[in-house]
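This report concerns only the one structure given below.
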Amino acid sequence: MSNAFKKFIRAVTLVDLFKGLALTGSVWVRSIITPRQVLVTRPYPEVKRPAFPNFKGHHGFLLNEDGSLKCVGCGICAGVCPAKAIRVYTEEGKDHEKVVVGYEIDAFRCIYCGFCQEACPKDAIVLTRLYELADYDNRACYRWKMDRLVEVGKKRPLFRDEVNL
Amino acid sequence: MTAQVLDMVKFLWAHSVLQIVIVFACTLMMVPILTWVERKVIGHMQVRLGPMRVGPHGILQGIADGVKLLLKENIVPSGADKRIFVLAPILSLVPAMIAFSVIPFDHWFYITDINIAVLYVLAISSVGTYGIILAGWSSNSKYALLGALRSAAQVISYELAIGLSLVGPLMMAGTLSMVGITKAQAEHWFLLPQIVGFFIYFVAMLAETNRSPFDLPEAETELVAGFHVEYSGMRFAFFFIAEYANMVLVSSMATVMFLGGWNPPFQMFEVMHVLQKVPGIFWFFGKVAFLLFCFLWVRATFPRFRYDQLMRLGWKVLIPMALGNILVTGIVLALLK
């Protein structure tokens, strides 16, 4: 049989059209029988995708076992930050020690490089795997104050490099 | 009291009022269900979930959409021809609804049985095109006008193919009455002897209702939404309902003309007469539902035709095929006589 004749037969019998219909049809039938194996959509707020192991997301502030801040206000993180996103506010305490009174991360400036985490001598600041950064207060979305950072730091399952901490 | 109510119901039934109300309500009810089924089936075929939010598995999605459209503002563009702009959606919906008056759903359930029913449906469904053309013209918008022009050309081309493909069953039944045609298929459906006609009708009915892969008049990627791009709110919903009512209508026509209407399958075998225990109305709606599923199946599978391909398919393939089908049917019928 010549090639042209084969082509003609294919066109007349509509083989290719029926092949296409068979594909979609079989997917539909399988989606009715075993929907979980076939349908790939995750219904997002109910089913959350876990972040990848090295994902660097929202910053978290760690506490000592007695509940005090690990941070001593040395300011190395602010110094090493290539985007100048970190601000540390310190004051002199009663016994002339350094007290951290404020800590602020500008989420718009931050490039999530993780230098602050690596530079911190006290392992006080970490990048967690939290990727849901939305908030009802628009200012709270990009000016992360100390309370918020401590709150995020308490969610231990979200930490990256749990072993190194 | 109950006797009076019964008399009233009998009177309404005898004068077809009750049937009209039931058919009208059922057709309108079909639209939200059909939109949900469409989104769900196409979603599953494309390995997606489809609507999941409104009700269990999104089953109330169609109703939510309907309520949204009811509450939306009806915008009339400032450059539009207002009277025609308002008239167009009505002219599109009404023919789609009144064509149901001749469809026999069962041997006891049809609104009317006229002796030119098939011609009536063809004529009425052509009127529906005026709605689309007037909508495109009066919107005073490029996209709408282009969509309307495409629709006009498409419907003219495929109306011929649809009409010619129906001639085969008409010759075999020897009548234009829908009830007569259904009764002629009590033993053998016209599907097998008229398989070519059915194929032509199926392709042409996709084109006639502006459905994929022939959805050029509303090609989203080229024309935004086509002829109804300037419409919003309930006027848009009218076009939407008309499209789905037309889908149900052409599926019902195919059921009556080729798939034996309310008759159960395989009636040539004595054994299969058991199937007559199932009411005919279930057979009818089962067949319509299968054809509607085919609409969605085809939409999920095939990409859109190009405009010249559409015209070539209509004029150079379907119409000659339909004419040949009529010729062969005529010869065979004459030889069998």
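Below, the figures for the structure above:
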| quantity | calculated |
| --- | --- |
| Residue match in segment B:32-42 (condition: in a helix (DSSP H, G or I), touching a residue at least 24 places away in the same chain (Cβ under 8 Å), within 14 Å of chain A (Cβ to nearest Cβ) and under 30 Å from B:Lys277 (Cα atoms)) | yes |
| Which listed residue, of B:Ser92, B:Ser141, is assigned by TED's automatic domain parsing to the domain that holds B:Val167 and touching a Phe, Trp or Tyr at 6+ places or on another chain (Cβ under 7 Å) | B:Ser92 |
| Subset tally (residues that are open to solvent by less than 50 Å² (accessible area, probe 1.4 Å), closer than 23 Å to B:Ile156 by Cα and over 13 Å from the mean Cα position of the chain (by Cα)) for segment B:103-128 | 2 |
| Exclusive hit being of a type in the set (A, V, I, L, M), more than 30 Å from B:Leu145 (Cβ to Cβ) and surrounded by fewer than 16 Cβ atoms within 10 Å (Cβ to Cβ), set B:Leu71, B:Leu49, B:Leu6 | B:Leu6 |
| Criterion: within 14 Å of another protein chain (Cβ to nearest Cβ), open to solvent by 30 Å² or more (accessible area, probe 1.4 Å) and either within 30 Å of B:Pro56 (Cβ to Cβ) or of a type in the set (A, V, I, L, M, F, W, C) (or both) - qualifying residue of A:Leu63, A:Leu23, A:Leu69 | A:Leu23 |
| Yes/no for A:Tyr89 being open to solvent by 80 Å² or more (accessible area, probe 1.4 Å), closer than 30 Å to A:Arg129 by Cα, in contact with a Gly (Cβ under 9 Å, 6 or more places away or on another chain) and of a type in the set (Phe, Trp, Tyr) | yes |
| Sole exception among (1) open to solvent by 50 Å² or more (accessible area, probe 1.4 Å); (2) among the charged types (D, E, K, R); (3) under 35 Å from the mean Cα position of the chain (by Cα) for A:Asp95, by number | (3) |
| Qualifying residue in segment A:33-49 (condition: within 25 Å of A:Glu132 (Cα to Cα) and more than 14 Å from chain B (Cβ to nearest Cβ)) | yes |
| Criterion (more than 30 Å from A:Phe18 (Cβ to Cβ), out of contact with any helix residue (DSSP H, G or I) (no Cβ under 9 Å at 6 or more places or on another chain) and of a type outside the set (D, E, K, R)) met by exactly one of B:Ala117, B:Ala148, B:Ala186 | B:Ala186 |
| Residue check, A:Lys84 away from chain B (no Cβ under 14 Å), surrounded by 13 or more Cβ atoms within 10 Å (Cβ to Cβ), among the basic types (Lys, Arg) and more than 30 Å from B:Phe295 (Cα to Cα) | no |
| Residues that are part of a loop (DSSP other than H, G, I, E, B), within 14 Å of chain A (Cβ to nearest Cβ) and surrounded by fewer than 13 Cβ atoms within 10 Å (Cβ to Cβ), drawn from segment B:278-337 | B:Pro303 |
| Whichever residue in segment B:136-153 is out of contact with any Asp or Glu (no Cβ under 8 Å at 6 or more places or on another chain) and open to solvent by less than 10 Å² (accessible area, probe 1.4 Å) and, among such residues, is nearest to B:Arg211 (Cα to Cα) | B:Ser151 |
| Any hit, segment B:215-226, residues being more than 18 Å from B:Ala96 (Cβ to Cβ) and at pLDDT 80 or above | no |
| Qualifying residues in segment A:20-60 (those that are of a type in the set (Gly, Ala, Ser) and modelled with pLDDT under 85) - the one nearest to A:Tyr103 (Cα to Cα) | A:Gly57 |
| Matching entry among B:Phe240, B:Phe269 (being of a type in the set (Phe, Trp, Tyr), surrounded by fewer than 24 Cβ atoms within 10 Å (Cβ to Cβ) and in a helix (DSSP H, G or I)) | B:Phe240 |
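The values are calculated or read from the model by the stated rules, or taken from the named source; none is laboratory data. Small disclaimer: the values here were computed from a predicted structure and weren't measured. Cβ: placed from backbone, ideal geometry, glycine included. Neighbour counts: every protein chain shown. Quick note on the areas: whole protein, heavy atoms, side chains included, nothing else; ligands and nucleic acids left out. Shrake-Rupley method; radii C 1.70, N 1.55, O 1.52, S 1.80 Å.
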